[in-house]
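Scroll down for the structure; my scribbles are underneath it.
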Amino acid sequence: MLAAVLGIAAASPVTAAPEPHSSQPNTVVTFTFDDGSASQSTGAEVLHRHGMRGTFYIISGAIGSPGYLGHDELRRIAETGHEIGGHTVTHPDLTQVSPDEMRRQICDDRANLDRWGHQVTSFTAPFDEVDDNVRAAVQRCGYSSARTMGGLRVRDCPDCVAAESMPPADPYEIRSPGMLTRETTVDELKESVTRADDSGGGWVPLVLHQTCDRCGPLAVSPRVLDEFAGWLHDRGTAVRTVHEVVGGPVAPVRHAPPPQERDRPVNASLEQAGPDGVPLGWETGGWGTNTPVWSRTRDAHEGEWAQRLDMPHFTDGDAKLMSTLDLGEYSLPARKGQNYTLSTWYKATAPTQLAVYYRDRVGQWRYWAAGPTFAPAEQWSKAHWTTPPVPDEATGISFGLALFSRGSLTTDDYGVRLNTEASNDSSCRELDWWVPRRWLCL
């Protein structure tokens, strides 16, 4: 899950990049980095050594999480002249969420980055999934450009143009050669530039994710990046950020509509399936070394459907079905300082336990608490627990029953009740034997 925010970062304003060492006016290269993964600090350092600056598209709800940049690292990247762009709060497919949730993802991401001191004008959509509604929301949220993944000439698109125009004909559909991977060679990168040169020049925005050795299929080796950047430097090819190419003022921050108030989970009885087969408004999650197998089942408490989890192999961690960890389309709103009674009906061949998460003001989801352990049950039984008061920074909650051993668990008919006069006689103790930072309240 997303970890806690580590601090507030400040950044220098967008500035012009230094002029190239020699004249190569026809082609401009831009290094763009998606997601904000921790290894991108290495990519920023490589470019900085060559006097170059890139554009870093940030998932603001992931900053400070394991595997992602911390606030201090993000601030240092910006302070060395790199551009900070937007990439949504939690990285959903924007074409598969409601219009209001889409606007929250796009606008709130920009608002988060602005609050941390970054001037944000450039955007790219997760998974490159864009339609007319997404495009309109990007503009409405104050972005002046949006980069895509594809559209320029590569082996898979021999008839595509060699380079984007400058300025781009459509600033909200900036074309690129697609994603770089661990298989990308220096020669292939050089070819993308010389191909643009031979076609009269233009703009070549490159798409990177991780910058590390053997750390994933989308990871470009720092050695490859360094050699290519050195080649660009020596031949005098201009390297610019997206904002430097597109230009334009920094628009005011614009806010999205707040989440709808509701007092029960969407699709609480799990009757409606989503496009991936998981109940609409719910998602599967967990951690550790195990093999969860999910299926819809007719063995329902009420209605026609329930959700079954089988765990044939288990070493550590857990698996669980939870209301979707979003910005309010499906997750429940949280009321500061209030207690909630959470419930669900279940069958299980092993012990199970309620796990509860909350969304903070940035949009990060944090682990909050675990309820008591419920015994295995052959017949439908009700698991219910009243939470401690919601943390002051919580804006939403999500919960589900967790299976943390081999066995099976079937759940149905989830419920939530706000308790204005909840009992405070529960005692909590930290669990350190199977999940770090979990709390058991009895």
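Every number here is computed from the coordinates shown, using simple stated rules; none is lab data. Bear in mind that the values here come from a model prediction, so they are computed numbers and not experimental data. We place every Cβ from the backbone using ideal geometry, glycine too, and count neighbours over all the protein chains shown.
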For this session: First obtain the Kirkwood hydrodynamic radius of the chain from its Cα pairs, then insert it into the Stokes-Einstein equation at 37 °C and 0.692 mPa s, and state the resulting D in µm² per second as a whole number.
Result: 140 µm²/s
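Please compute the contact order of the stretch 27-246 in relative form: average sequence separation of alpha-carbon pairs under 8 Å and at least six residues apart, divided by the residue count, as a percent. Walk me through the numbers on the way to the answer.
On the way: 463 pairs, mean separation 59.1, N = 220.
With pairs under 8 Å counted, the relative contact order is 27 percent.
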Exercise. Quick one: Karplus J couplings for the stretch 377-387, per residue in order, coefficients 6.51, -1.76, 1.60, θ = phi - 60°, nearest Hz, x for Gly and Pro?
Worked result: 8, 6, 9, 4, 10, 9, 9, 8, 7, 9, 6
For this session: Would you please calculate the Kirkwood hydrodynamic radius of the stretch 282-441 over all C-alpha pairs and express it in Å, rounded to one decimal?
Result: 16.0 Å
For this session: Sort out the exposed loop GluC sites (Glu not before Pro) in the chain (DSSP loop, at most 14 other Cβ within 10 Å) and tell me the longest stretch that has none.
Result: 1-128
For this session: Arrange the peptides 156-162, 292-298 so that the one whose residues have, on average, the most other Cβ atoms within 10 Å appears first.
Result: 292-298, 156-162
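Given charges of +1 on the Cβ of Lys and Arg and -1 on the Cβ of Asp and Glu, with all other atoms neutral, how large is the dipole of the stretch 27-246 about its Cα centre, in debye to the nearest 20?
So the magnitude is around 400 debye.
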For this session: Enumerate by residue number the trypsin sites (Lys or Arg not before Pro) in the stretch 330-412 meeting two conditions: DSSP loop (anything except H, G, I, E, B), and at most 11 other Cβ atoms within 10 Å of the site's Cβ.
Result: Lys336
Exercise. Taking only Cα atoms, what is the 0 to 90° angle, nearest 10, from helix 40-49's long axis to the longest principal axis of the chain?
Worked result: 20 degrees
Exercise. So how far, in whole Å, is the C-alpha centre of the stretch 106-177 from the one of the stretch 352-372?
Worked result: 33 Å
Seminar exercise, completed: Diffusion coefficient in µm²/s returned for the stretch 27-246 by Stokes-Einstein, Kirkwood Rh over C-alpha pairs, 20 °C and 1.002 mPa s, is 124 µm²/s
Seminar exercise, completed: Listed by chain and number, the residues whose amide H is under 5 Å from that of Gly202, excluding neighbours fewer than 5 places away on the same chain and using placed H, are Thr27, Val28
Exercise. From the backbone phi of the stretch 55-69, what are the Karplus-calculated ³J(HN,Hα) couplings (6.51 cos²θ - 1.76 cosθ + 1.60, θ = phi - 60°) in whole Hz, Gly and Pro given as x?
Worked result: 10, 10, 8, 10, 7, 5, x, 9, 4, x, 8, x, x, 10, 4
Problem set entry | Potential lengthening between Ala136 and Arg417 on full extension [0.36 nm per residue; Cα-Cα distance subtracted] | 97.4 nm
Problem set entry | For the chain: relative contact order, % (alpha-carbon pairs under 8 angstrom, 6 or more apart) | 16 percent
Exercise. Which lysines have a Cα lying under 18 Å from the Cα of Lys382, excluding residues fewer than 8 positions away in the same chain?
Worked result: Lys320, Lys347
